[in-house]
1. Leaving out same-chain residues fewer than 8 places away, which lysines sit with a Cα under 23 Å from that of residue B:238?
2. Taking the Cβ-Cβ separation of residue B:258 and residue B:117 as r and a Förster radius of 22 Å, what is the calculated FRET efficiency to the nearest 0.05?
3. Taking the Cβ-Cβ separation of residue B:299 and residue A:112 as r and a Förster radius of 30 Å, what is the calculated FRET efficiency to the nearest 0.05?
4. Tell me which of B:150, B:85, B:130 sits at the most positive position along the dipole axis of region B:65-157, charges placed on C-beta atoms (Lys, Arg +1; Asp, Glu -1).
5. How many nm is it between the label spots at residue A:45 and residue B:179, if each spot is 7 Å from the Cα in line with the beta carbon?
6. May I ask you to evaluate 6.51 cos²θ - 1.76 cosθ + 1.60, the Karplus curve with θ = phi - 60°, for each residue of region B:59-74 and list the ³J(HN,Hα) values in order in whole Hz, giving x for glycine and proline?
7. What is the fewest-to-most order of B:223, B:239 by other Cβ atoms lying within 10 Å of their Cβ?
Amino acid sequence: MQSTAKSAVDTDISLEESVSAWMDGEASEDIFPDLATAHGRRTWDTYHLIGDALRNTDLAVSPSADFHARLARALDAELPIVAPQRRRSPLRLGLSGLAVAAAVATVAWVAQPYIMGGSSRPAADARVLADASAPEAPGLRDYLEAHRQMAGPSAVRQVSFDAGAGR
Amino acid sequence: MIAQLQQFCWPVLGRGGLIRRPAQGAGWALTAVFLVALSAMHEAARAAGPAQAEASIQLLYDIQQAARKQDYAGVFLYQQGEVIQSSRLVHVIDGTGERERLEILDGQPREYLRHNDEIQCLIPERKTVLMEPRRGDRFPGLLLGNPTDLAQHYEIRTQDNLHRVADRQCRLITIAPRDGLRYGYRLCADVDTNLLLKAQTIDASQGVVEQVSFTSIRMGGKVDPAELSSRWSTRDWKVLQPRIEPADLAAQGWRIPAPKGFVAVMQVKRSMGHSNVNQLVLSDGLAAISVFIEPYDTQRGHPLSAGAARRGAINIYGTRIADFWLTALGEVPAATLEQLATSTEYVPVSSQ
């Protein structure tokens, strides 16, 4: 029972994969019989739409400001899809990786998910960095100083402030 | 007084509801009367609200003006966690405008000499004068962008009974946030001059995040303008002028959603030792957030690690977005920064 389900997934993916490969000019003539089916036609249309959208930015709709962030979070929350490993040529692998990168580049980048050892409340886990006079985290001092210069309503003055702009 | 009454009433109501059985009609009738009375008091409080809020906002505005327009000199103490730092401040108005001298009294000597919007930071051990642009008001001023919007995000109350700070009578103002995105504040302003004598930043659990308070202060005619002159002679010192240029992060493809109530007050590009860094400053009138964006060095990474960190009263959140590193920091709760950082998007501007 499980094996049949698996093989069904397998053939589905292979059809889409081979349509994509065929469009990329990697000839595999044996897809034509599959294209005659309704599913084959849908796959064919979908992959041509994807190709058009990738080539022409006019076809790409611009979603609302929060859409990408929500999508990225939803993807993060998604369970990983476990599919059986199939043999494929290294060239094909590389190409699909590039295609994915290109697709993302035309949309938006968001923050890389930050995994806090399974904790869902990073605010409580904030690392407490050393206090004002400590020499570590020299990078941080510049940021604090820049913040203080531009927006410090309180009296925070970095005691150990180096002449940052001079370096 | 109403608040006290409410505090008194609620526990009584709660207990009554739990213990008494529904059969005891008299108890329920009493409870209903209580509830009606309570809601009436609520209405009364709401009606009195706007006028009170307006007066409180006017007081905040007066505090800001007092810090700018009066002569004062004194020593104030800044305390955060285990760190205490005291500073001597002299502020004098003369024919040319505002003059201010601030000396750091602990640790390495520093002096900040201000003439209107121009600040010189004196670094004696390097014989260096660092020129700084001036942004916003510092203690005893308030940041205050547009005071009228403050009431949307804070509940501002003035207390009638007087307190005493640095041997002066002062009026307590509590500024409570209406959401979890920002801290609250407790201010004490001089009764005669409205000058801010003490300010505390309060977190959600009513703990003091940081505080600053005058320990001694003189005002008006008791301030000698001679106190403004520095004890250092900076004639042969090196003068550094940091390169700070205006920037437009939105035009570069950055979509940085400001937390509710915060607006962008400034965007600049500045050199920070290792590289050019873009800085966006967001403020809600009292609190400020800086968002720094710089190219990410894929070989060496970034000196700050990803995620939330905290240094003193300042929370920090760092993350990588595409080939950039974003650092958000400010005197706001860590969750505010995390939300900002994780919902920021970078959409590369197409080279058309």
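1. Partners within reach: B:127.
2. Approximately 0.30, to the nearest 0.05.
3. The pair residue B:299/residue A:112 has a calculated efficiency of 0.95.
4. Result: B:130.
5. Output for this residue pair reads 4.2 nm.
6. 5, 4, 5, 5, 4, 4, 5, 4, 5, 8, 9, 10, 8, 8, 8, x
7. With the sparsest Cβ surroundings first, the list reads B:239, B:223.
Here, each number is a calculation from the coordinates, and none is a lab measurement. Bear in mind that the values here come from a model prediction, so they are computed numbers and not experimental data. Because the Cβ atoms are built from the backbone with ideal geometry, glycine has one as well, and the counts that use them run over all protein chains shown.
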